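Heads up, the thing below is written out as structure tokens.
The values are calculated or read from the model by the stated rules, or taken from the named source; none is laboratory data. The shown structure was predicted, so the numbers you read here are calculated from the model rather than taken from an experiment. As a convention, Cβ positions derive from the backbone with ideal geometry for all residues, glycine included, and neighbour counts pool all protein chains shown. When the accessible area is computed, the model is the full protein with side chains, heavy atoms only, and any ligands, DNA or RNA have been set aside. Shrake-Rupley method; radii C 1.70, N 1.55, O 1.52, S 1.80 Å.
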Amino acid sequence: MILSPYFYSQAIKLALSQIWANRKRSLLTALGIIVGVASTTSVIAALSGLKTSVLTEFESFGANRIYLFPNRPDDKPRNLYPREKIRIKPWEVLELQTSCPSLRAITPVTEFGVSIASEGRELDGITVVGIWPDWHEAENRRVIDGRIFNRIDESGERQVCLLNQSAIDELRLPANAVGSHILVDGRRFLVVGIVETLQSRMFGGDSNTAEIFIPFSVAIKLQSTDYFIRVVALAKSADVSEEAKAEIQRTMRRIRGIQPGDPDTFRAEAIDRYIDQFKSLASGITAIAAGIVGISLLVGGIGIMNIMLVSVSERTREIGLRKAVGATPAAIMMQFLLEAMVLCLAGGLVGVIIGKLFAVGLTMIPGARLEHADVPLWAVFLSFAFSAAVGLGFGFFPALKASRLDPIEALRHE
Amino acid sequence: MIRVRQLQKVYRVGEEEIHALRGVDLHIGKNEMVAVMGASGSGKSTLMNIIGCLDKPTDGSYELDGQRVAQMSEASLALVRNEKIGFVFQSFELLARQTALENVELPLIYSREAGLTSRERERRALRALDRVRLSDRVTHRPNQLSGGQKQRVAIARAILNQPAILMADEPTGNLDSVTTNEVMEIFRQLHAEGQTVLIVTHENEVAAYCQRVIRLRDGLVLSDLPIAQDQAGQVIA
């Protein structure tokens with residue numbers, strides 16, 4: 001039995017007029033759907049906003065960056081893997097530099113706390129960082145005044161340093177600090193450049209931290225035998241960052257003589273991995289939100305079913321009449337299914353609008369990092385699809401009941 | 001037009017079997033105007049429901065406009081009702097929120113004729129309203145119409161698809177004597193224009209508009225006489 005387009009247009013018109021005629025009842029009935037859709041769309045909006053800000057930050061941070069840390073294999077006794085065995089040594093970093101063609105820049109980084117003094121002040125427990133000249137490229141931090149380290153600084157173990165603005169402020173150095181001297185652990189260092197302040201709020205934390213950089217060779221010497229080295233490297237492009245990571249892992253296993261089957265004594269990680277972790281976290285939260293909407297739509301659906309049963313019972317005579325003038329059971333069924341779906345879709349529409357308004361509100365919360373919050377198109381479609389499905393699912397039983405009414409009985413109904 | 005043979009209808013209420021129709025034979029020709037009368041429990045409603053394709057007989061045959069309809073499926077019967085039968089009910093059964101025109105157009109929603117333009121639908125509905133002399137009430141809603149006007153809208157809806165038979169079940173039961181005449185005049189006029197009409201009533205004044213009266217009792221035809229003889233018999237009785 002094929003129903004005519006005229007049937008569908010009339011059925012939808014009738015559904016809308018039913019909703020309008022019983023607007024209070026319709027609103028209360030659709031409330032479950034409205035709340036469900038509104039809360040999910042706003043959670044999705046907030047998440048997608050957060051995702052956009054975080055990914056933008058990752059991007060500026062450098063998606064092709066790779067980190068290398070010493071790492072004791074899990075579940076292995078400490079005595080089999082002593083600190084000395086897993087520690088990254090300076091010569092290993094040199095070997096990596098020559099053996100990894102996919103790298104654009106590589107630098108060891110070693111940090112230690114010492115006392116610092118200038119003419120104006122003395123500070124204790126300041127972290128000094130030992131770096132190669134490649135560090136600027138690897139970490140994407142330029143100097144805004146003076147120069148970076150050169151090979152002679154490194155090979156000659158020259159006592160030169162780079163500062164950031166906070167260090168200049170804390171040491172009460174003149175505004176143009178290049179050319180000044182500071183004392184690091186009692187030794188006199190020449191300030192040769194000023195490093196730009198960290199841009200990222202998420203990584204490296206507070207841009208107000210004082211930072212002091214010295215040549216890597218000098219830093220190792222100052223720490224005697226107990227030092228800790230990590231490595232920061234930059235792949236030639238984001239596309240080859242996985243390859244670059246594999247090169248580092250291969251080289252490390254080779255130079256450390258790790259037998260096949262034995263675990264790594266180091267850990268190499270590309271930034272991608274953090275992005276993936278964040279993405280999977282975000283999709284996890286989205287899935288939970290979807291689960292919540294499932295529950296609220298279930299509750300909403302029961303309301304829809306209830307009101308549709310009331311509607312069928314109220315309109316029994318009308319159903320009888322429609323059957324008398326030629327409506328087939330299928331036509332009656334379709335009409336009531338359409339009514340349930342239209343009611344749910346109207347609720348979904350209101351829910352999406354409220355969710356959208358929430359999203360706009362979220363963008364206005366200062367410091368919440370949600371300035372990109374918006375309801376994505378797929379969430380709008382999904383909301384409507386879910387609403388229609390609820391109408392279909394929960395409208396089925398009332399519609400079936402209506403379609404099975406005996407026209408004679410229905411017309412006699414009071 | 002209508003040919004009914006040995007029609008039986010048995011209802012089962014719990015253990016008990018109720019024989020509503022016990023073998024009714026009936027023939028109603030084209031362009032007849034027939035009244036069906038009988039006390040409640042006579043089987044009159046059951047017969048009308050079966051003739052109107054709202055119900056199926058337990059046994060017997062029923063031929064409507066050359067079609068054997070007794071054992072058709074529910075969906076096929078709906079189509080037969082849509083195309084061949086026009087119903088008029090005692091309490092009008094108009095949709096309260098729709099205009100007279102929209103009420104009259106209702107059967108077209110379920111029509112098999114695909115691709116009717118809205119202009120064509122309106123033309124047909126307006127013609128039906130014109131035949132019941134309601135051209136000036138097209139956009140009125142039921143609550144703006146008198147009882148007689150409501151019943152005329154219902155008649156217009158019933159004749160929209162030019163049905164083989166127009167069936168009216170106590171069409172004047174809710175009307176006073178003045179409007180009863182108004183509505184019965186419409187039936188008489190439609191009959192004069194060639195419409196086959198079947199009216200269920202218990203009022204002799206209504207039956208008097210018809211040519212022929214069929215009286216039922218206990219599920220059987222008691223008498224089937226031309227109006228003059230029937231009315232004479234009633235007077236004697």
- Item | Distance between the stretch A:1-67 and the stretch A:329-405 - C-alpha centres, whole angstrom | 6 Å
- Shielding score for A:307-320, defined as the mean number of other chain Cβ atoms within 10 Å: 1
- Task: Would you compute, from DSSP H runs of 4+ residues alone, the mean residue ellipticity of chain A at 222 nm, taking -39500 (n - 2.57) per run and dividing by the full residue count, rounded to the nearest 500?
- Result: -18500 deg cm²/dmol
- For chain B, modelled as a GNM with alpha-carbon contacts under 10 angstrom, which of B:Leu21, B:Leu129, B:Leu79 fluctuates the most? B:Leu79
- Item | Per-residue mean of C-beta atoms belonging to partner chains within 10 Å, peptide B:74-83 | 5
- Inter-chain shielding of B:93-104 (mean C-beta neighbours from other protein chains, 10 Å cut-off): 2
- Query: How many nm separate the modelled label positions at A:Lys279 and A:Ser155, each set 7 Å beyond the Cα in the direction of the Cβ?
  - Reply: 4.4 nm
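Calculate how many DSSP beta bridges within the stretch A:72-264 are antiparallel, expressed in % of all such bridges and rounded to the nearest 5. Display every interim value, and only then the final one.
Working: 25 of 33 bridges.
Restricted to the stretch A:72-264, the bridges split so that about 75 percent are antiparallel.
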- Extension gain from A:Ala21 to A:Arg317, taking 0.36 nm per residue of separation minus the Cα-Cα distance: 104.8 nm
- At R0 = 35 Å, FRET efficiency that the Cβ-Cβ distance of A:Glu119 and A:Asp74 yields, to 0.05: 0.10
- Pull out a ≥ b ≥ c, the square roots of the eigenvalues of the alpha-carbon gyration tensor of chain B, then state rounded if a/c is under 1.5, prolate if not and a/b is larger than b/c, and oblate in the remaining case. oblate
- Suppose every K and R has +1 on its Cβ and every D and E has -1 on its Cβ; what is the size of the dipole of the stretch A:72-264 about the Cα centre, in Debye to the nearest 20? 480 debye
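Between B:Gln6 and B:Arg217, 0.36 nm times their residue separation minus their Cα-Cα distance comes to what?
Result for the pair: 74.4 nm of gain on full extension.
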- Task: List the lysines whose Cα lies under 28 Å from the Cα of A:Lys76, skipping any in the same chain that are fewer than 8 positions away.
- Result: A:Lys85, A:Lys89, A:Lys245
- Message: To make sure I understand the rule: partners must be lysines, Cα under 27 Å from the Cα of A:Lys24, and not fewer than 8 residues away in the same chain. Which ones qualify?
- Response: A:Lys13, A:Lys356, A:Lys401
- Query: Ignoring ligands and nucleic acids, what accessible area does B:Glu193 show with a 1.4 Å probe (Å², nearest 10)?
  - Reply: 100 Å²
